[in-house]
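Just below is one structure, and these are the notes that go with it.
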Amino acid sequence: MSRKKRTEEHENHERWLVSYADFITLLFAFFVVMYSVSQVNEGKYKVLSGSLEAAFRTEPKSMAPIQVGQPGTTAGTEAVAVLKPAGESAIQTMARDIEAQIKPLVEQGLITLRQTDDWLEIEINNRILFPSGSTKLVSDAKVLLSLLGGVLGKFSAPVQVEGYTDNVPINTPVFPSNWELSAARAATVAHLLSQHGIDPELLAAIGYGENRPITSNDTPDGRSQNRRVVLKIFKTGRSSTGENNIPAPAISAEPLAEGAVQ
């Protein structure tokens, strides 16, 4: 009796593809999970970052001026804490008071008001202050400056008076250069302000001459704009030690003699 031959099983050489496919599937799932985790972390980071940014941005806004008790009852440390907000509020009040009283001159472009983080700036065109080449104030200028002195005198704020000229040369026995002329005009304005309510210890007079023009000197109108006097009123007044936070005056705040044409 013959034996039935057993059929040899055909060996599958591609079984590894199944394992490989499973591996690729698991690897894909792994990367999907990692990507999801990274997206969640990024979102949390953005939320945290936004919260910190908002917190730091709004913190200074909480430093609003507050009213403290009766005079003399506030502790020294508390007075220092509210000094800066009070100074900022005073600058804004001064700007409103001054603009309300000199609005026509502002509209005519004869006076310009500017407000920065550190000071209030009042720029006065020379046409309403001095005759050409002179340090003697015209009558209308005295009225204007006495008005400004009355407003600024209500605040213990340092005032720096700056004089400027155009680039037309001047050479006289009284004013050898534009520096002397601009300094003399600044001192004249400072002296009058000291007579109308501003503490002389808070005043400084500086002359810059022709060296800081605000526009070109090539035209008559440009030269007219460059001939000016600027008042800078600083927001910090007297310090807790009683000293003034302002540099010493460049020259004495006394009116000087008149000179030649400028």
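The values are calculated or read from the model by the stated rules, or taken from the named source; none is laboratory data. Computed from a predicted structure; not experimentally measured. Here the Cβ positions follow ideal geometry from the backbone for every residue, glycine too, while neighbour counts run over all protein chains shown.
Listed conditions (1) exposed (fewer than 15 other Cβ atoms within 10 Å of the Cβ); (2) part of a loop (DSSP other than H, G, I, E, B); (3) at pLDDT below 90 are all met by residue 211, apart from (3).
Of the residues making up the stretch 163-184, those that are in contact with a Lys or Arg (Cβ under 9 Å, 6 or more places away or on another chain), crowded, with 24+ Cβ neighbours inside 10 Å and not hydroxyl-bearing (Ser, Thr, Tyr) number 1.
Could you list, in sequence order, the residues of the stretch 135-176 that are basic (Lys, Arg) and at pLDDT 90 or above? Result: 136, 142. Every listed requirement among (1) part of a loop (DSSP other than H, G, I, E, B); (2) surrounded by fewer than 24 Cβ atoms within 10 Å (Cβ to Cβ) is met by residue 201 save one, (1). Considering the stretch 154-169, and only residues there that are of a type in the set (S, T, N, Q) and assigned to a loop (DSSP other than H, G, I, E, B), the residue that is farthest from residue 222 (Cα to Cα) turns out to be 156.
None of 139, 146, 156, 132 is in contact with a strand residue (DSSP E or B) (Cβ under 9 Å, 6 or more places away or on another chain) and surrounded by fewer than 18 Cβ atoms within 10 Å (Cβ to Cβ) except 156.
Of all residues in the stretch 123-134, which are over 27 Å from residue 91 (Cα atoms) and either aromatic (Phe, Trp, Tyr) or modelled with pLDDT of 90 or more (or both)? 130, the sole residue that qualifies.
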